Amino acid sequence: MKIVITGGMGFVGSSLINKLDLDMNEIFIIDNFSTNVSKTLDRCELINIDLSDKSQLHTINIGSADIMIHLAGPSSGPASAKDPDGTIDISNKITFNVLRVCEQLSIKRLLFASSMAVYGNPSKLPVDEKSICKPISYYGIAKLSSEYIIQAFCKSSNLEYSIIRLFNIYGPGQDLTRMDQGLVSIYLSMLLNDKSFVIKGKLDRVRDLIHIDDVLNSIIKVMFSNAGVNQIINVCNGSPVTIDELAKILIKYFENYSYKDIIQEEGSPDDILKIYGNNDKLSKIIGYKPIYDIETGVKDFVSWSKNQIR
């Protein structure tokens, strides 16, 4: 299979490429190297362009391809809040240009990585794919806008889509230097570097935390599943975890910290209070059930991260 991955040098993209069988798949990466966690990926062709710039699209000369996995675009809520109009403008431009590239390369299927942020603060939990979307952050608005653009485009073309709504991802390979993205990785970075354990927002906030391996397995299942065609799919663990519970689990692995070391600060106004997802569609229709619970997932992440600094 000939696969094009936008944002392929980031956390999810580079992890996915390392998991795919490179003997069975030919992979092309489109990336502008703005938030990459990998510098090189063996046996993949790198195309360094800015997908928000329509004039650069003609430089993508790889013939035809089978599937586009679209991971590029806004990468976090806090970063988007600093430049809201730029976030939405660039996100929409990238989405339209990705669709143009799909036409240009005669791509059959587009898999788009959306976000749980599209749901906002839901009135009913858990959220499923039919839940009302009321994003409260510019990041969520940008993601929902991209979903609508893709669905509208595909109605009048032969392009199939799969939209996956990713919940809070964590795990080996995540950039521990970025303090604006990744809930678990931000807290873990503080503990690894002997910094103050600062938690912004209430400890009773609820999240759905999903290990990177479960995300990758979900993506691959959707890629090769006809059941995923023209569908929106929650990629989540399906279990609620409070920030308080997460903090206690992390602290267990660091002898120089205790629960009383937590410093609470005011949270962001666009931070979702409580959210977790229903993953019945993923498990029953796509055929993948997440393996990691929060205890085993955090243990794996902490073990990996400590090995990185030895």
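Taking the charge dipole of segment 29-157 about its Cα centre, with +1 at Lys and Arg Cβ atoms and -1 at Asp and Glu Cβ atoms, the residue from I88, I62, F153 reaching farthest to the positive side is F153. Quick one: grab the alpha carbon gyration tensor of segment 114-154, order the square roots of its eigenvalues as a ≥ b ≥ c, and give me rounded if a/c is under 1.5, else prolate or oblate depending on whether a/b is larger than b/c. Cα axes put segment 114-154 in the oblate bin.
Restricting segment 47-110 to trypsin sites (Lys or Arg not before Pro) that sit in a DSSP loop and have at most 16 other Cβ atoms within 10 Å of their own Cβ leaves K108. For segment 122-175, trypsin sites (Lys or Arg not before Pro) meeting the loop criterion (DSSP other than H, G, I, E, B) and having at most 15 other Cβ atoms within 10 Å: K124, K130. Projecting the Cα atoms of S52, L144, G267 onto the dipole axis of the chain, where Lys and Arg carry +1 and Asp and Glu carry -1 at the beta carbon, places L144 farthest toward the positive end. Given a 10 angstrom Cα cut-off, can you work out which residue in S64, S185, S14 is the most mobile in a GNM of the chain? Maximum fluctuation in the GNM of the chain, among the listed residues, is at S64. Projected label points at D180 and S34, each 7 Å from Cα along the beta carbon direction, are separated by 1.0 nanometres. For segment 202-310, chymotrypsin sites (Phe, Trp or Tyr not before Pro) meeting the loop criterion (DSSP other than H, G, I, E, B) and having at most 14 other Cβ atoms within 10 Å: F224.
Sites counted here are GluC sites (Glu not before Pro) in a DSSP loop (not H, G, I, E or B) having no more than 14 other Cβ atoms within 10 Å; the longest part of the chain that contains none of them is 1-254.
Throughout, read-outs are computed from the coordinates displayed, never taken from laboratory work. No experiment lies behind these values; they were computed from the predicted model shown. All Cβ positions, glycine included, derive from the backbone under ideal geometry; neighbour counts span all protein chains shown.
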